[in-house]
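Notes follow the structure.
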Amino acid sequence: MRIAVCVKHVPEGPSRIDPSTKRLDRSGEGSLNHFDANAVEEALRIKGESGTEVVVVSLGPQKALDSLRKALAMGADRAVLVFDDAAEGSDLVVTSRVLATALEREEPDLVLFGQQASDADGAVLWAAVAERLGRPVISQAMELSVEGGSARVKRQTEFGYDTLEAPLPAVVAVSDAINEPRYPSLKGIMGAKKKPQEILSLADLGIAEGDAGEAGSRTTVLALGDPPARGDARKIEDDGNAAQAIVDFLAEKRLV
Ligand SMILES: Cc1cc2nc3c(=O)[nH]c(=O)nc-3n(C[C@H](O)[C@H](O)[C@H](O)COP(=O)(O)OP(=O)(O)OC[C@H]3O[C@@H](n4cnc5c(N)ncnc54)[C@H](O)[C@@H]3O)c2cc1C
């Protein structure tokens, strides 16, 4: 069996928008999206129970290799990075197109995603990729088992739990409650350097430059702005009389 895990390299620290591109500034340090560490961990848990190959796949800048290497250090078998200057500025639809094409090449039985990317927070890419692959998708998996050609998932909802089953090949987005990702060991970090790491261009995937990046994206960020300033806010410092001050404030507003 082969499991492909989609992982994103996200900027570290507070997010900053570059006013010239109206996009997130990704020039600084980055790291493996922490939600995706849960997906890698789950793949490794399944791998431990069977003769499974785990391949980690990312679309991103060359620095995204650092995040892929972290996944390799955790125990994944090989990594595929789609890196191409012409892919910069890809919106969600284009990102799903590029990733789905890279995944088709791998012919995985199971594709795992994290629940969301901590930078863009879309929590939607897995659905778009599953649609392109024509595969069933289950999100918010907090338990996952693979048996008899099916993925069985306990899914967390607002009202309780659903237990769902989908025939393989399938796409599953895991919740961050599914497991506790392991830390890579020193041996894992050293071993990661020797594991296969493939870098693909858009041309390698048969995608024309005009179909990716800004050129291929049909959404444009028109404007950015700060949230409106808070109106009539009053800050009450607690010098021992805060409770009375709050009651006085509410009485003044005729709310009590
Ligand atoms: C106009 C526009 C321009 C943009 N330009 C850029 C850009 O230059 N660079 C950029 O990085 N983003 C760019 N984005 C954002 C990019 O479209 C989203 O990051 C991408 O569609 C994924 O959405 P998300 O980050 O909300 O992921 P979510 O839907 O929250 O992610 C869910 C899961 O999908 C997987 N995943 C997400 N992204 C990737 C990835 N890249 N590779 C592998 N797996 C992934 C992970 O498993 C993740 O947990 C742009 C968006 C717009 C609208």
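The values are calculated or read from the model by the stated rules, or taken from the named source; none is laboratory data. Since we're looking at a predicted model, the values are computed, not measured. Please note: Cβ atoms are built from the backbone with ideal geometry, for glycine as well, and neighbour counts cover all protein chains shown.
Worth pointing out:
- Applying a threshold of 8 Å to beta carbon distances and a minimum spacing of six or more residues, or different chains, the list of pairs starting in the range 79-99 at a residue that is closer than 16 Å to Asp204 by Cα and ending at one that is more than 8 Å from the ligand (Cβ to nearest atom) and hydroxyl-bearing (Ser, Thr, Tyr) reads Val82/Ser201; Phe83/Ser201; Asp84/Ser201.
- Considering residues of the range 118-140 that are out of contact with any Leu (no Cβ under 7 Å at 6 or more places or on another chain) and closer than 23 Å to Ile46 by Cα only, the residue farthest from the ligand (Cβ to nearest atom): Pro136
- Leading residue by the ranking (farthest from the ligand (Cβ to nearest atom)) among those in the range 20-64 that are in a loop (DSSP other than H, G, I, E, B) and surrounded by 15 or more Cβ atoms within 10 Å (Cβ to Cβ): Thr52
- Matching entry among Thr163, Thr101, Thr95 (being in a strand (DSSP E or B) and modelled with pLDDT of 95 or more): Thr163
- Condition met for Ala73 (closer than 18 Å to Gly191 by Cα, modelled with pLDDT of 95 or more, more than 10 Å from the ligand (Cβ to nearest atom) and touching a Gly at 6+ places or on another chain (Cβ under 7 Å)): yes
One line per residue, one yes/no per condition, for (1) exposed (fewer than 10 other Cβ atoms within 10 Å of the Cβ); (2) within 25 Å of the chain's Cα centre (by Cα); (3) polar (S, T, N, Q):
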residue	(1), (2), (3)
Ala151	no, yes, no
Leu164	no, yes, no
Leu168	no, yes, no
Ala173	no, yes, no
Asn179	no, yes, yes
Ser185	no, yes, yes
Ile189	no, yes, no
Ala203	no, yes, no
Ala233	yes, no, no
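- Cβ pairs under 6 Å, 6+ apart, first in the range 147-166 and on the phi < 0 side of the Ramachandran plot, second part of a loop (DSSP other than H, G, I, E, B) and at pLDDT 95 or above: Gln156/Ser175; Ala166/Pro136
- Where Thr220 falls short, out of the listed (1) hydroxyl-bearing (Ser, Thr, Tyr); (2) farther than 20 Å from Ser58 by Cβ; (3) at pLDDT 95 or above: (3)
- The criterion of being modelled with pLDDT of 95 or more and not hydrophobic (A, V, I, L, M, F, W, C) does not hold for Pro228.
- Scoring Val94 on the criteria (1) among the hydrophobic types (A, V, I, L, M, F, W, C); (2) surrounded by 20 or more Cβ atoms within 10 Å (Cβ to Cβ); (3) more than 11 Å from the ligand (Cβ to nearest atom) leaves a single failure, condition (3).
- Any pair with Cβ under 6 angstrom, 6 or more apart, that starts in the range 225-249 at a residue that is farther than 30 Å from Leu24 by Cβ and ends at one that is of a type in the set (A, V, I, L, M) and at pLDDT 90 or above: Ile236/Ala242; Ile236/Ala245
- Residue within the range 205-216 that is more than 21 Å from the chain's Cα centre (by Cα), within 16 Å of the ligand (Cβ to nearest atom) and assigned to a loop (DSSP other than H, G, I, E, B) present: yes
- The residue pairs whose first member lies in the range 167-192 and is at pLDDT 95 or above, whose second member is among the charged types (D, E, K, R) and surrounded by fewer than 18 Cβ atoms within 10 Å (Cβ to Cβ), and whose beta carbons are closer than 6 Å, counting only pairs six or more residues apart or on different chains, are Leu168/Asp109; Pro169/Asp109.
- When Ser90, Ser67 are checked against the criterion of being outside any strand (DSSP E or B) and over 19 Å from Pro196 (Cβ atoms), Ser90 stands alone in meeting it.
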